[in-house]
1. Only one of K14, K18 is basic (K, R) and either more than 27 Å from P190 (Cβ to Cβ) or within 16 Å of the chain's Cα centre (by Cα) (or both); which?
2. Count, please, the residues in segment 207-227 that happen to be at pLDDT below 90 and in contact with a strand residue (DSSP E or B) (Cβ under 6 Å, 6 or more places away or on another chain).
3. Can you name every one of the strands (runs of 3 or more DSSP E) wholly within segment 150-263 that holds 2 or more residues which are touching a Gly at 6+ places or on another chain (Cβ under 9 Å) and on the phi > 0 side of the Ramachandran plot?
4. On the basis of being at pLDDT 90 or above and out of contact with any helix residue (DSSP H, G or I) (no Cβ under 6 Å at 6 or more places or on another chain), does L254 make the cut?
5. For T195, state whether it is of a type in the set (V, I, T) and modelled with pLDDT under 95.
6. Do we have K210 as buried (at least 17 other Cβ atoms within 10 Å of the Cβ) and charged (D, E, K, R) here?
7. Search segment 147-174 for residues being hydrophobic (A, V, I, L, M, F, W, C) and buried (at least 19 other Cβ atoms within 10 Å of the Cβ), and hand back the single one that is nearest to L261 (Cα to Cα).
8. When you go through A27, A59 one by one, which is the residue that is crowded, with 18+ Cβ neighbours inside 10 Å, of a type outside the set (F, W, Y) and either outside the structural domain of K124 (by TED's automatic domain parsing) or in contact with a Lys or Arg (Cβ under 8 Å, 6 or more places away or on another chain) (or both)?
Amino acid sequence: MSNLVPVFYEHLSKMEEKQLACGVILAACKTLTKESMELIKQDLGTSSGDGSEIALHYAYDKNKQLFGILLEGQKLSNTHFYALRVKDYLQEHKLLAGSLLIASFPESSRSSGQMLMRMIQEMKEPGAHGEIKLYELTPAQKEEPASILLVNHDETVNEFLSIYFQRKGYLVTVANDGMDGMEKYQEVAPDLVITDLNLPILNGYQLMEKIKHISASMSKIMVLTDKRLEEDVQKSFAMGASDYITKPFSPVELEARVKRLIS
């Protein structure tokens, strides 16, 4: 049941596309079975603080021992109200293993994907047992620039683009192969991924497939490659790419296309 990230990513991306609010509750929780998850769903109910019904989604990550609830259409106030009920229930059934963390998109962050990943990172820091913490961006994070993940096995290309985009004010992360790219993607939840197709370990197509599986439209993808065949272009767009650029390329044109994707 380690499905928390892909399940929540998918639902959050849909809510973000529709520009709807969405609450998230994460709780440090002891091991849950499928049976106990079903019991929790039945017992907690779907009534919000104002008595209306909420569309809820549950997930549990057994590796991180994180229990999560996603509340469609709920702002922070209702999310906090429901978190009180969740805390009481988990404590009563001796399932709570630490603190809870709550947030709501877009109140808590302009990017639901980054919000989720940062919440998971924050839950790694132990809090007081039963404490309900509010996820908040630091002043630095509020002013944080758009982020780019560069995935390319060519160190020269990575170094050049990293310096170029950093000077233009972007936050840049670099990965040298597809596997490293996937790990970095899950860590930073970038606004844009610029990837080659010729990558070791996981190629560009495999990387795009994995990103598409866990995050749907949460991040834009740009392919930067020396492959010029029409079938490669078509396959890339079918796999979720938003743009396709062949080498050699103009840095000015590349930046203009980046701006169009993540402005």
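1. K14
2. 2
3. Strands (runs of 3 or more DSSP E) meeting the threshold: none at all.
4. Yes.
5. No: the conditions fail for T195.
6. Criteria met by K210.
7. I148
8. None of the other options fit; the residue is A27.
The values are calculated or read from the model by the stated rules, or taken from the named source; none is laboratory data. Bear in mind the structure is a predicted one, so any value in this text is a computation, not a measurement. Don't worry about glycine lacking a Cβ; one is built from the backbone with ideal geometry, like all the others, and counts go over all protein chains shown.
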